[in-house]
Amino acid sequence: MPEALKDWWPVISLATLAGLPLALSAMSWVVRRGLASQDDLRAALAPLVTDVADLRGRTQRLEGEVQHLPTADDIAELREALARMEGSVRTVAAGQEAQRQTLTRIEDYLYRDRGK
């Protein structure tokens, strides 16, 4: 340390100790002034809060609609029922074909007898 500062050392240390709280207070004030106030934050976040509320409502409506949609198990059951129905329709069609052939033979017989 230079000789000139040795004479002033007690004054410098006292000034530093006394000025430190003032400097901290001044820095705190500057930092606080640079930050946004709660009103500013509320004003900036208001559109986001509205968007979140809108999304919450839309999600609830979608959940209500999705609740009524069929599940994978429902679709599987429907496919099985359609396959059974297709088999039944084929059986009925085969029976109708047999009836048609029988009716055709009866008509042929009746038309032949008419012609005699």
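Each value in this text was obtained by applying a stated rule to the coordinates, not by laboratory testing. Bear in mind the structure is a predicted one, so any value in this text is a computation, not a measurement. Because the Cβ atoms are built from the backbone with ideal geometry, glycine has one as well, and the counts that use them run over all protein chains shown.
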In nm, spacing of pseudo-spin labels at Val49 and Val11 (7 Å Cα→C-beta vector): 5.7 nm
Binned at 10 Å from 0, what are the whole-percent values of the Cα-Cα distance distribution for segment 27-100, short to long? 15, 16, 14, 14, 11, 10, 8, 6, 4, 2, 0
